[in-house]
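The values are calculated or read from the model by the stated rules, or taken from the named source; none is laboratory data. What you are looking at is a predicted structure, and each value in this text was computed from that prediction instead of being measured. With ideal geometry, Cβ positions are generated from the backbone for all residues, glycine too; neighbour counts draw on all protein chains shown. What goes into the accessible areas is simple: the full protein's heavy atoms, side chains included, and nothing from ligands, DNA or RNA. Shrake-Rupley method; radii C 1.70, N 1.55, O 1.52, S 1.80 Å.
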Amino acid sequence: MTTSRQPPQDLAASLLAAALLLPGVQALADEPPQGGSISLRYLDYADRQSGLDRIRAHSPSISVTAPVAGDWSIEGTLTADDVSGASPRYHTAISGASHMQDERKAGDFAVTRYFRRGTLTAGAAYSTEHDYVSRALSLNGTLSSEDNNTTWAFGVAGSRDSIDPVNHVVVDEHKRTVSVLVGVTRVLTPNDIGQLTLTRTNGDGYFNDPYKLFDNRPRSRRQNTVLLRWNHFVDSTGGTSRLSYRYYSDSFRIRAHTLSGEYVQPLGGGWSIVPELRLTTQSAAYFYYDPVYDGTLGPPFPPGFANADPNRLSSPDQRLSGFGAVTVGLKVQREIGKLWTVDVKVEGYEQRGNWRLFHDGSPGLAPLHARIFQVGLTRRW
């Protein structure tokens, strides 16, 4: 499959991250949900660059959460992605962009046992498309203080991916990852909650994009993430600000900073609005090469290609370049009685090399624009 979205290579880390969603500003309680819920969601995604409409994705999903036997709960999600469009084979070149259409089906399931001062959650996830299959398992636990104002979290997850690209560049390749997470959530004041999360992921196997030209990446990747979150309830407006900072580094020598902020403002009558802003800056992988090509062979050949080691590391993948990005979004939500919730969310994303902070970004790449639309319906019981 040829898309600009990331393959499901981080499924294990995603399972861990989902277990540490920061709650609202309230005391943390190790109690099962009082009732169940079912949610239907639909996501529409499209990205483009000058002269090329790239990827379009439609993604309906259904998720269910329910208490079971007093001290247990279960939750699960099913998702189907319909992806089509075109993606450059190198950098942002329009000429030779490969066209594709694919379907991805994914599901995850988790069961949680609640104790007086803690929880234990076991989860599994599976994702399949015609050239990529990913399987993951996770185990997460939490332990709260006597006053429920501090909660420690621990987690481990592993995934195994199988890659069989249709162009047969490789056959039956594999990638394995193991992720470990440690976090703490603390009620700081009656109006504030803070959270610190550390994640380490070790991966080995096939990390190349088989549909990019001259894409040869290391067969191991070590990833570290530090995530800080702070929720603050504003007495004067009844709203809640949610701020976060994420620092990411890996053995590809990518360094990324992401600062996010959103504000949840109730409007009365069950309505609320949530504007959000996210700023990202990223350095390039050490083996990424800019769109400056061999003087004799021309594009897409890297400089010195004719005399270079054929096994040398290189990649023209825009996702591994140095860039800055801005995401602006707005969510509108309506509570209908005590049982129903409807929400609509729109986001716009733009990525440019010259928006990178602290250092120069990667030159010669067309800006990337993306639009994301989501709508959801939840029924509680």
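For region 319-341, residues that are at pLDDT 95 or above, among the basic types (Lys, Arg) and open to solvent by 60 Å² or more (accessible area, probe 1.4 Å) total 1.
Being surrounded by fewer than 14 Cβ atoms within 10 Å (Cβ to Cβ) and either touching a residue at least 12 places away in the same chain (Cβ under 8 Å) or of a type in the set (Gly, Ala, Ser) (or both): is that true of Ile74 here?
no
So is Ile94 surrounded by fewer than 15 Cβ atoms within 10 Å (Cβ to Cβ) and under 27 Å from Leu43 (Cα atoms) or not? Against the criterion (surrounded by fewer than 15 Cβ atoms within 10 Å (Cβ to Cβ) and under 27 Å from Leu43 (Cα atoms)), Ile94 qualifies. Within region 139-194, the set of residues being of a type in the set (A, V, I, L, M) and open to solvent by less than 20 Å² (accessible area, probe 1.4 Å) comprises Ala153, Ala157, Ile163, Leu181, Ile193.
Report yes if Tyr42 is open to solvent by 60 Å² or more (accessible area, probe 1.4 Å), assigned to a strand (DSSP E or B) and of a type in the set (Ser, Thr, Tyr), otherwise no. Criteria met by Tyr42.
Apart from one condition, Asp309 fits all of (1) of a type outside the set (A, V, I, L, M); (2) within 26 Å of the chain's Cα centre (by Cα); (3) at pLDDT below 95; the exception is (2). Taking region 303-318 as the range and being open to solvent by 60 Å² or more (accessible area, probe 1.4 Å) and among the acidic types (Asp, Glu) as the test, only Asp309 passes. Consider region 215-229 and keep the residues that are buried (at least 18 other Cβ atoms within 10 Å of the Cβ) and of a type outside the set (S, T, N, Q). The one that is farthest from Val187 (Cα to Cα) is Asp215. Regarding region 57-64, can at least one residue be identified that is open to solvent by less than 30 Å² (accessible area, probe 1.4 Å) and at positive phi? The answer is no; no qualifying residue exists.
Residues that are of a type in the set (S, T, N, Q) and closer than 30 Å to Thr177 by Cα within region 242-293 comprise Ser244, Ser249, Ser251, Thr258, Ser260, Thr280, Thr281, Gln282, Ser283, listed in sequence order.
Of everything in region 237-269 that is modelled with pLDDT of 95 or more and in a loop (DSSP other than H, G, I, E, B), the residue that is most open to solvent (accessible area, probe 1.4 Å) is Arg253. Might you let me know whether region 159-166 holds any residue that is of a type in the set (Lys, Arg), touching a helix residue (DSSP H, G or I) at 6+ places or on another chain (Cβ under 7 Å) and modelled with pLDDT of 95 or more? Looking for residues that are of a type in the set (Lys, Arg), touching a helix residue (DSSP H, G or I) at 6+ places or on another chain (Cβ under 7 Å) and modelled with pLDDT of 95 or more, one finds none in region 159-166, hence no.
So which residues in region 229-267 are within 16 Å of the chain's Cα centre (by Cα) and of a type in the set (A, V, I, L, M), if there are any at all? Selection gives Ala256, Leu259.
Of the residues making up region 106-119, at least one is open to solvent by 50 Å² or more (accessible area, probe 1.4 Å) and either among the aliphatic types (A, V, I, L, M) or not in a strand (DSSP E or B) (or both).
Would you be able to say whether some residue in region 276-284 is closer than 30 Å to Gln34 by Cβ, open to solvent by less than 40 Å² (accessible area, probe 1.4 Å) and not in a loop (DSSP other than H, G, I, E, B)? The answer is yes, given that some residue of region 276-284 is closer than 30 Å to Gln34 by Cβ, open to solvent by less than 40 Å² (accessible area, probe 1.4 Å) and not in a loop (DSSP other than H, G, I, E, B).
The residue that is least open to solvent (accessible area, probe 1.4 Å), among those in region 342-381 that are among the aromatic types (Phe, Trp, Tyr) and not in a loop (DSSP other than H, G, I, E, B), is Tyr349.
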